[in-house]
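Working notes, beginning with the structure itself.
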2 protein chains.
Amino acid sequence: MAVQNKAKTARGENSRQRILESTWQLIGKSDSREVTLDQIADVCGISKSSILWHFGSKEALLLEVADNIFRDLEKLFIEQCPPDSSIGERFAFFLNNYEDMLNATPEAPRIFFSFLFNNQFREKINNKIREIYEWNRETFCEQFNLTENQAVILLGMLNGIVIQANVHPERIKIKEVFDELKSLVKKIL
Amino acid sequence: MAVQNKAKTARGENSRQRILESTWQLIGKSDSREVTLDQIADVCGISKSSILWHFGSKEALLLEVADNIFRDLEKLFIEQCPPDSSIGERFAFFLNNYEDMLNATPEAPRIFFSFLFNNQFREKINNKIREIYEWNRETFCEQFNLTENQAVILLGMLNGIVIQANVHPERIKIKEVFDELKSLVKKIL
């Protein structure tokens with residue numbers, strides 16, 4: 001029985017990953033709001049009802065994809081940032097990775113922000129958003145040696161810059177703002 | 001004819017103001033998403049069709065209310081901030097007013113952010129959001145002697161702090177974060 005259960009769990013985890021990857025591929029190609037569960041089911045070859053069994057709703061699945069992208073960013077940072085670098089250098093390293101992520105998957109922050117202040121979503125989605133914010137702040141506290149309130153400011157700053165660049169892409173260039181930010185942060189950290 | 005037109009315009013402006021004030025009163029009492037045009041019409045004694053004639057949609061009206069609150073904040077700052085104060089002092093003065101506004105009308109930023117990343121709204125709403133961001137940045141440039149990219153960072157920071165406090169009010173206290181921010185900004189400005 002135990003062996004069977006393990007096999008079942010492994011199969012379940014494998015399906016989960018395939019669903020996440022297919023969704024990621026699809027939202028890379030078009031607006032996340034236009035991606036349907038039917039399209040996702042088509043790409044990963046897993047039925048719609050199984051997808052819903054794994055994630056509960058399309059919204060929860062999209063948010064999970066965004067969460068994964070943010071976690072990859074954290075993993076990349078922890079694995080690749082030179083351990084003897086100063087906090088200013090670490091922050092610049094992080095900003096470069098963050099910028100690459102925004103260029104590669106501009107939909108990730110858009111998905112995340114579209115769930116904020118949107119009353120139609122259930123408690124589960126709101127809890128997930130809180131959870132993403134919490135581990136983001138924790139990572140900032142650890143990696144840049146910040147207090148929680150300082151992490152709120154730094155994370156807020158990144159959020160607010162990405163939002164403005166999304167609202168007015170012809171006007172606000174993430175790269176330029178991040179360069180300015182690196183030099184400002186050097187004065188603080 | 002000219003006199004008649006002027007009277008008409010004055011009456012129109014008067015109605016506009018009454019609609020804005022009634023909406024402001026109603027959203028002070030409940031969630032802005034629950035306020036209906038019928039309720040607004042009831043409170044100001046102006047028909048729903050007239051309200052729509054003035055503002056186009058409930059969403060545009062709500063955004064106009066938020067815009068007015070932000071503009072009052074700017075006016076208050078320009079009128080009351082001591083002219084001989086340093087930029088750090090000016091920023092602290094602004095943050096105090098901003099905090100008072102958030103306490104008095106917590107719905108203002110919520111309205112604003114709920115329109116961001118929400119595809120269901122028309123071009124007109126998106127243009128208004130861009131416009132609000134633009135004059136906010138211009139004010140920051142003028143009042144705190146910043147470049148546009150610095151204004152993006154500062155405005156983004158305030159946005160991101162308010163967002164996190166809304167997502168997790170039990171955890172993030174605006175007052176504490178703003179106190180931290182004042183001491184950080186002193187090091188930069």
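Enumerate by residue number the GluC sites (Glu not before Pro) in the stretch A:101-189 meeting two conditions: DSSP loop (anything except H, G, I, E, B), and at most 14 other Cβ atoms within 10 Å of the site's Cβ.
For GluC sites (Glu not before Pro) across the stretch A:101-189 that sit outside H, G, I, E and B with at most 14 neighbouring Cβ atoms in 10 Å, the list reads A:Glu170.
Rank A:Gly88, A:Gly12, A:Gly28 by mean-square fluctuation in a GNM of chain A with C-alpha springs under 10 angstrom and give only the top-ranked residue.
Answer for the Gaussian network model of chain A: A:Gly12.
Using Cα pairs under 8 angstrom and six or more residues apart, how large is the relative contact order of the stretch A:58-188, in percent?
Here the relative contact order equals 26 percent.
Using the Kyte-Doolittle scale, find the helices of chain A whose mean hydropathy is at least 1.0 and whose Cα atoms extend 27 Å or more along the helix's long axis, counting only whole DSSP H runs.
Those that pass (Cα extent of 27 Å or more, hydropathy at least 1.0) are A:148-167.
How about A:Lys182: which lysines have a C-alpha closer than 16 Å to its C-alpha, ignoring those fewer than 8 places off in the same chain?
A:Lys173, B:Lys187
Over 5 Å intervals from 0, what percent of Cα-Cα pairs in the stretch B:36-170 sits in each interval?
Over the stretch B:36-170, the share of Cα pairs per 5 Å bin runs 2, 9, 16, 20, 19, 14, 10, 6, 3, 1 percent.
Just flag the chymotrypsin sites (Phe, Trp or Tyr not before Pro) in the stretch B:1-103 sitting in loop per DSSP whose Cβ has no more than 14 other Cβ atoms within 10 Å.
Here no loop site has a sparse enough neighbourhood.
Convex hull over the alpha-carbon atoms of the protein assembly as shown: what's its volume per residue in Å³?
181
Classify the stretch B:99-189 from the C-alpha gyration tensor, please: rounded if a/c falls under 1.5, else prolate or oblate depending on whether a/b exceeds b/c.
oblate
Only loop residues by DSSP count here, and only those with at most 16 other Cβ atoms within 10 Å; note down the trypsin sites (Lys or Arg not before Pro) in the stretch B:147-189 that meet that.
B:Arg171, B:Lys173
Checking the a/c ratio against 1.5 first, then a/b against b/c, what shape does the Cα gyration tensor give for the stretch B:48-109?
Prolate is the answer for the stretch B:48-109, as a/c is 1.5 or above and a/b outweighs b/c.
Read the figures in this text as sums done on the coordinates, not as results from a lab. It should be emphasised that the depicted structure is a prediction, and the values quoted were computed from it without experimental measurement. Reconstructed Cβ throughout: ideal geometry from the backbone, glycine too, with neighbour counts over all protein chains shown.
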